[in-house]
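Nothing in this text is a laboratory measurement; each read-out follows from the coordinates by a stated rule. What you are looking at is a predicted structure, and each value in this text was computed from that prediction instead of being measured. In this analysis, Cβ positions are derived from the backbone assuming ideal geometry, glycine residues included, and neighbour counts consider all displayed protein chains.
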Amino acid sequence: MTLTLNQASAAAPDDPKRLLLQPLDLTLDAGSITLLIGQTGSGKSTLLQLLAGLRAPAAGEVRLDGESLWRKGRVERRLLLPLGLVFQFPEQQLFARTIRHEFAYSLRPFRLSPGEEEQRIREARNVWDGRSVFAPELSPFTLSGGQRRRLALATTAAADPAWLLMDEPTAGLEAAGVLELLAAIRERREAGAGTVIATHDLDTFLPLADRVLVLQDGQVAADLPPRELCAQPDLLLQTRVGLPSCTAVSAAFSRHGLTLPPDRLTAEEMAEAIAAALEAAPAWDADGMQMSPAVPVPAPNERYRGNSDAPSSRTGTGGDEETRQLTENPRQDHTGRGISPSADNRIRPSALLTSQEEIAGAGSRNLTSSGTWLQRLDPRSKWLLYVLLVAGGLLQEGWTGLTIALIPVLLGILTLPRSGLRSLLKFMKPLGIFFALSIGLAGLTLTTDGGWPSFGFSAEQAGTTTLRLYRLLIITLASLWFAVSTPYGRMTEGLNWALGHLRNMKLPVDSFALAVSLIFRFIPMILSEWERFSLIVRARGKAPLRPGTVRFRDIPALVVPLLLSLFQRAENMTTAMEMKGLSGKSLQSARPSLLSWKRIDTMLALLGVGWLAVLIALR
Ligand SMILES: Nc1ncnc2c1ncn2[C@@H]1O[C@H](COP(=O)(O)OP(=O)(O)OP(=O)(O)O)[C@@H](O)[C@H]1O
């Protein structure tokens, strides 16, 4: 099966005008192994999601064997089945009671017979469970982190997709696991199945790959076979990928006067090349690693001399330091002469800095960072408004009063930037389902008149619950508005100011401020984690859904990993705070003041107080 992109681009979910991936033409042939490399934020994961049919192209088409994936905003199940996506940290997707259920969930969309299912599980275990730890009735949560990762890989591999799309598969995988992974990928190639791997781990995957796409700022900067790529260290540095070991070692030898080809991808190939070069250089003094003066200094690429400690590309972070050395320091060859980079080859630090700032900017973007007038409001007026809105809702006992209390909350939500609105809507959908279920259950009645149990529905009972949930909805919406529109630091600062006066009364104000601000800090985190796990569930469940939606039956597969991830984050946060000795008190003095009360804050505060007075009068 051939995967093709025809002028396909990808846009940011919160801003359709911002392209994360520029229009791209690409054909990936069956049985090929393609690497996606590029610095962090260059668009590798986005491209994988586009290829996997999880993200609709902003323009252009994604085709599988010539057939367009997307029709009427969905991808049909039969087209999703051949596409298997393994996300970063796949162990986080596990949710089921037993390992058997975990496999069953991944295989369910394929509607296999029990015999076929068993066969697939057995085959996957043969590859991924060398130490036979995947006992079918065992809980996946009793496995170690590395074993969980293998299990997650095994569940995707069991589906035997025609295209396996992997995001950083070796991160956190032990050496034996990496070898198993490579063997599995090789086997897939022999069977005619295609693999695309987004990775920073060049040393592991370059020897295996047929083709490498280098991404930079959402564009393909190069599309080359691995050996040709290694022969172009300039390209690897300019795109800030870093040098693979083969290129770095060749550069190091070159510094000592021994010419080695830069494209010997494996240790064996490199050893052979070294042996051959030594044989061809009789004047080489192997003990001192010095070139005898009788042999001329080879200069395959002067820019790489002197770079004896070029870091490996494994972490993908070597590029900056190398680039700094290459651009700022004249090279010293073995004779001590300085070698300047040629003007045309020189990498401009200013260009690198610009792109670094862009990436830093993109990286720091989150659900709360819209920079609108709403965010710039004084946090004290936001706190005051929030308290007034919530109090207004809590005070009401009837439908009319609650509806009036809802109006300013809805108006507040309408002032949110579009990204905030989208996130909020996603959160509200499952909440709506929860409310509907609660109302349905609350209205259920059971009578045993005449000896037989009979179920009924009481509108009165359901009405009482609906009224309570209506109030809860208003408070939830007000909290979401506040959390999404107020950066964490401002929120804490405003709260500390407001509670500062109570501190003199010896009340536990600091701990309270810390607890409340942490709760609010968690709301955007929940929203982004929800987005992440819903994407994973859609990839596993292979339901023909519109982007951003999840089937009801997939809720456990979404909620269990989501909660586990949030607990983990909460634990990490607590540990980090303990290590820093952070308490409410230190938080109080941790930041310079972000407070700046303006006229608009006064107006908003007055409006809020006036509105509360109206609501009290209505009561
Ligand atoms: N949900 C999103 N909303 C808005 N922007 C996003 C979203 N997801 C990714 N981006 C942006 O798209 C760009 C590409 O991100 P992507 O995750 O594809 O990069 P990557 O090359 O896979 O990075 P890494 O190596 O760190 O995984 C980044 O600038 C990122 O900030």
17 Å cut-off, amide nitrogen to a point 7 angstrom out along Glu116 Cα→Cβ, residues in the stretch 73-90: 77-84
Among beta bridges that DSSP assigns inside the stretch 3-226, antiparallel share in %, nearest 5: 55 percent
Sequence of Ser454, Ser423, Ser68, Ser32 once ranked by neighbouring C-beta atoms within 10 Å, starting from the fewest: Ser454, Ser68, Ser32, Ser423
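Report the rotationally averaged projected area of the stretch 3-226 based on its alpha-carbon convex hull, in square nanometres. If you can, show how the numbers build up before the last one.
Working: hull surface 48.7 nm².
Spelled out: convex hull of the Cα atoms, projected over all directions, averaged, 12.2 nm².
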Between the stretch 8-83 and the stretch 415-445, the alpha-carbon center distance in angstrom: 30 Å
Extension reserve of the Thr464-Glu397 stretch, reckoned as 0.36 nm per residue once the Cα distance is removed: 23.1 nm
Cross-link pairs Lys426/Lys542; Lys44/Lys429; Lys44/Lys382; Lys17/Lys429; Lys382/Lys426; Lys17/Lys382 - those with Cα-Cα distance over 27 Å: Lys44/Lys429; Lys44/Lys382; Lys17/Lys382
Packing rank of 166-175, 461-470, 48-57, where each peptide gets the mean count of other beta carbons within 10 Å, highest leading: 48-57, 166-175, 461-470
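Taking 0.36 nm per residue of separation and subtracting the Cα-Cα distance, what length does fully extending Glu123 through Thr142 add?
4.6 nm
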Extension gain (nm, one decimal) between Met428 and Asp449, 0.36 nm per residue minus Cα-Cα: 3.6 nm
In nm, spacing of pseudo-spin labels at Glu190 and Glu279 (7 Å Cα→C-beta vector): 3.1 nm
Burial ordering of Cys230, Cys246, fewest other beta-carbon atoms within 10 Å first: Cys230, Cys246
Ranked Asp554, Asp234, criterion: other C-beta atoms within 10 Å, fewest first: Asp234, Asp554
For the stretch 173-193 versus the stretch 102-120, the gap between their alpha-carbon centres in whole angstrom: 22 Å
